[in-house]
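Below is one structure, written out as structure tokens, with a few remarks after it.
The values are calculated or read from the model by the stated rules, or taken from the named source; none is laboratory data. Remember, it's a predicted structure, so these values are computed and weren't measured experimentally. Cβ placement follows ideal geometry from the backbone for every residue including glycine, while neighbour counts extend to all protein chains displayed. Surface accessibility is based on the protein's heavy atoms, side chains included, excluding ligands, DNA and RNA. Shrake-Rupley method; radii C 1.70, N 1.55, O 1.52, S 1.80 Å.
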Amino acid sequence: MHSFHYRDSKLHCEDVDLGRVAQEFGTPLYIYSAGTILDHYRRLDSALASLDHLICYAVKANSNRAILKLFADAGAGFDIVSAGELFRVRAAGGLPDRCTFAGVGKSREEIEYALDQGVYSLNVESEAELDYINQIAGAKNLRAPIALRLNPDVDPHTHEYISTGSHENKFGIALEHAAAVYERAATMSNIRIVGVQMHIGSQITETEPFAEAIRKVSPLVSELKAKYGIEFFSIGGGLGIVYESSLASGSGDWWQASKTALSIQQYINAILPELRELKLKILLEPGRLLAGNAGVLLTRVRYLKQSGQKKFAIVDAGMNDLIRPALYHSYHEIVPVDEPRSSAREKIDVVGPVCESADFFALDREMPELQEGDLLAIMSAGAYGFVMASNYNSRPLPAEAFVHGNKFALIRQRQTFEDLIRGEVGPTF
Ligand SMILES: *Cc1c(COP(=O)(O)O)cnc(C)c1O
């Protein structure tokens, strides 16, 4: 499947010329390939065919309703981390009994909403939260379905901000305390134990941390199955994607390159034998893997600027639109939508208009020679892109568009200036 590639010297997403989409909807603009998202989902789903399983798409990676609807229609479940995400899933036609609700700081309102909607499981991250859920479910006279999120204490070898499965971070319950907490949970009259959950981090590109975490937790999972008849074991998400491709060097295509990361098959091969032994329903919660390489952020070069030895391309997207480079120093490939005619390269910083030095997309990057007005695609922006966008510097949120085959459509309007002040009131004193 070729989702982003040059055809007649124009960058296409599936069969759509990205220049046309930019012309129609303006920039900065997020564009997602529905075909790619579905392809990723189906390949993961079929690799798991020999197991009783459910893929719960991690909504926080990209929560546009059109994307959630795509997953709901494909039969996926959802991993949510707030009541707002549950609301979005419902608005997209997703089923609450396929939703698992994670997060270290659920509020009373969120727990009540999740119970009223009938989520499959509330994934509990502390004893205090367990007590609180028991109390809230008691007031409603029902039993809350729960799984404990275990912290297996493995090092996923990823950026410290997206590592979640070691004892040094706030997530989950330590493995050695888990049996005791389950024992307490079993005595609570408004709690129903339904599963076990873990999630060790994001953008993980080796199989071993996943396999190690499963090996560490499996004995306890078997014990819990025997004791409490749990239904599922959720192994979380975290599969990494490739952010660097051969597209920028003018050869190959994006999709081919992305296959050389940790492939879906390698990942499944590493974890399948152990999981099969458990004879339980296995839940996976991928976000980035499904959406990351399916999206780009289109931006236009506003100005070129030479400052001493340095050259800058100032583009119309900023860190408020895509914060990953500023927040994680993450690498995103950047390619011109019009295929460069010459192979000449120059070193350049690609920066946004926001008043922060962290507002960059690439530093000292070898790029084709750029001109003012050039359209650029910032690749692999489908996950943790728009969802982390803000109005910083009073910049309206960018638009989002969907491509499927030779069709494209807007799925979120660009914000207007009026949107910026909507909801601001008073003061009335
Ligand atoms: C963020 C998150 C995920 C998804 O992580 P990816 O790296 O996008 O796959 C899955 N499960 C939980 C609990 C999460 O917080």
A student applying the Cα gyration tensor rule (rounded when a/c is under 1.5; otherwise prolate if a/b is larger than b/c, oblate if not) would label the chain prolate
With everything on Cα atoms, drop me the angle between helix 34-47 and the longest principal axis of the chain, reported from 0 to 90° to the nearest 10. 40
Roughly speaking, to the nearest percent, how much of the chain's 1.4 Å accessible area is carbon and sulfur? 48
In degrees, nearest 10, range 0 to 90: what is the angle between the Cα axis of helix 264-278 and the longest Cα principal axis of the chain? 0
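What does the charge count around residue 349 come to, taking other residues whose C-beta lies under 10 Å from its C-beta (Lys +1, Arg +1, Asp -1, Glu -1)? Kindly include the intermediate steps, with their values, before the conclusion.
Numbers: positive: 305, 310, 311, 347, 365; negative: 364.
It works out to a net charge of +4.
Specify whether the C-alpha gyration tensor of the range 7-71 places it in the rounded, prolate or oblate class, a ≥ b ≥ c being the square roots of the eigenvalues: rounded for a/c under 1.5, otherwise prolate if a/b is larger than b/c and oblate if not. Could you put the intermediate results ahead of the total?
Numbers: a/c = 4.23, a/b = 1.90, b/c = 2.22.
Oblate is the answer for the range 7-71, as a/c is 1.5 or above yet b/c matches or exceeds a/b.
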For labels at residue 425 and residue 407 in the simple 7 Å Cα→Cβ model, what's the distance in nm? 4.1
Within the range 34-289, pairs of Lys residues whose Cα atoms are less than 23 angstrom apart, provided they are eight or more positions apart or on distinct chains, add up to 14
Where a Cα-Cα gap under 18 Å defines reach, which lysines qualify for residue 310, not counting those fewer than 8 residues away within the same chain? 347
Taking 0.36 nm per residue of sequence separation and subtracting the Cα-Cα distance, how much length would be gained by fully extending the chain between residue 306 and residue 390, in nm to one decimal? 27.3 nm
Running a GNM on the chain with Cα contacts under 10 Å, which residue among 99, 355, 56 ends up with the highest mean-square fluctuation? 355
Over the chain, average the accessible area per residue using a 1.4 Å probe and give it in Å², no decimals. 42
